[in-house]
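What follows is a short report on a single structure.
The values are calculated or read from the model by the stated rules, or taken from the named source; none is laboratory data. Just so we're clear, the structure is a prediction, and the values are computed from it rather than from any experiment. All Cβ positions, even for glycine, are placed from backbone atoms using ideal geometry, and neighbour counts span all protein chains on display.
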Amino acid sequence: MKILKKHFLVLPYFVLLIGIFIFSSVQAQDARFTVVLDAGHGGHDPGAQSALSKEKDINLSVVLDLGALIEQKLKDVKVVYTRKTDKYLTLQERADVVNDHHADLFICIHTNASPSPAAYGAETFTLGLAKTRTNLDVAMRENSVILLEEDYRTKYKGFDPKSVDSYIMFEFMQDKYIDKSVEFSSIIQKQFVSYCQRTDRGVRQAGFWVLHRSACPSVLVELGFISNQTEERYLNSEKGQKEMATAIFNAFIDYKRARDKRSGRQISTVSKIEQKSKADEHDHKQPALASDSFQHPKVDTVSKRNRIENPTTDQKKLIQIPTFKVQLLASKKKVKPRAAEFKGVTNTDYFEDNGFYKYTVGLETDYSKIEKIRKEVVHKFPNAFIVAFVGDKKITVHEALKLNK
């Protein structure tokens, strides 16, 4: 009888110990670093669109690539997706995912667009008052998705994404996560430059509702401009999407390592992903240009300076082949070939268009070759872009690519 009493007395303590062990295990599992990945737009909301692509598709591809890298290499990180398929979510639903999972970091992936086809490069936003009209325009466009919802004024407490006055609220808002958000944004931009050799448009601030409603450090990445034909091709390619995802992954490793070090946690030994080989780097890095060493093969087509007079039959055929150049700048007045405006780039050419002298470099029938030339000059001319011709007639790059098929 005494033995039975003893067992009955010990049993509750044994059950309590098991309960504590299970609770501690669950707590340890929940203590993992949680990152929420958000592919902007989706479903009946395509986001920005162009001739070849929809923003929602590019965003999702990059998010899935990024998430796969984190899940594969960082076992101490829990990855949560707002969407993994082509479905529509409201901005508030996306923020709810962040808050319901008590996220440590929120990464929104978007793709930019501009009325100007020359706009180019990647930028990362944090929450804040937009200090330029350009930043405000981006926030207005991304926030405008709430207009697809019924009774959006009530749901979003009177916030009107089309009204400048609605964005004044962000001037008086204190965001306790701003320092960490800016820190992570800066690391992302550095990786875009060092890993992808992308044009750096910098870290910016604007009033994004989804960042405002998310209770953790949050960033919104604009991968590039699908309104720029060259950049659109890059963002639509598997290589471009994987490179951008890898750059953000590398930034995530640096950010988490610094965070773990500050908090006294065990620091991950996972290394950033480097470019595979020097041969691969040659394809997309921007080599430095010596002032007089920038040379390209000359083809006697298109150029008004080198126009062929009385062409032969073979030359006539050559003239009808679409050709590509890289436009550097435009001027109302003629610019001398070795003027300071060319920043040391030689062998420039020009064509006249709508009262402007538009200066170019390179002349290729192969699009991949002209793209390499653009990458060589983009650090001197960040807004350089590709133009196309058939004979003396300027056509769109899209038309030229179709003719080359």
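Here VAL97 does not qualify as among the aliphatic types (A, V, I, L, M) and closer than 19 Å to ASN250 by Cα. ARG141 satisfies every condition listed in (1) under 15 Å from VAL210 (Cβ atoms); (2) of a type in the set (D, E, K, R); (3) over 21 Å from the mean Cα position of the chain (by Cα) except (3).
On the stretch given as the stretch 150-197, residues that are within 30 Å of ASN228 (Cα to Cα), touching a residue at least 40 places away in the same chain (Cβ under 8 Å), in contact with a Leu (Cβ under 9 Å, 6 or more places away or on another chain) and in a loop (DSSP other than H, G, I, E, B) total 1. Put simply, of ILE146, ILE187 the only residue that is crowded, with 18+ Cβ neighbours inside 10 Å and under 16 Å from ASN250 (Cα atoms) is ILE187.
Tell me, yes or no, whether the stretch 163-178 has at least one residue that is touching a Phe, Trp or Tyr at 6+ places or on another chain (Cβ under 8 Å) and within 28 Å of SER61 (Cα to Cα). No, the stretch 163-178 contains no residue that is touching a Phe, Trp or Tyr at 6+ places or on another chain (Cβ under 8 Å) and within 28 Å of SER61 (Cα to Cα). For the stretch 231-250, residues that are surrounded by 23 or more Cβ atoms within 10 Å (Cβ to Cβ) and β-branched (Val, Ile, Thr) total 1. Note on the stretch 73-98: residues that are of a type in the set (S, T, N, Q) and either modelled with pLDDT of 95 or more or surrounded by 20 or more Cβ atoms within 10 Å (Cβ to Cβ) (or both) total 2. Determine, yes or no, whether GLY207 is surrounded by fewer than 24 Cβ atoms within 10 Å (Cβ to Cβ), of a type in the set (Gly, Ala, Ser) and under 19 Å from THR132 (Cα atoms). No: the conditions fail for GLY207. Candidates in the stretch 162-177 are the residues that are surrounded by 14 or more Cβ atoms within 10 Å (Cβ to Cβ) and within 14 Å of ARG213 (Cβ to Cβ); of these, the one that is modelled with the highest pLDDT is TYR177. Give me a count of the residues in the stretch 97-132 that are more than 11 Å from the chain's Cα centre (by Cα) and part of a loop (DSSP other than H, G, I, E, B). Number of matching residues: 16. Kindly evaluate GLN72 against the criterion of being among the polar types (S, T, N, Q) and within 21 Å of ARG32 (Cβ to Cβ). So GLN72 fits the description; yes.
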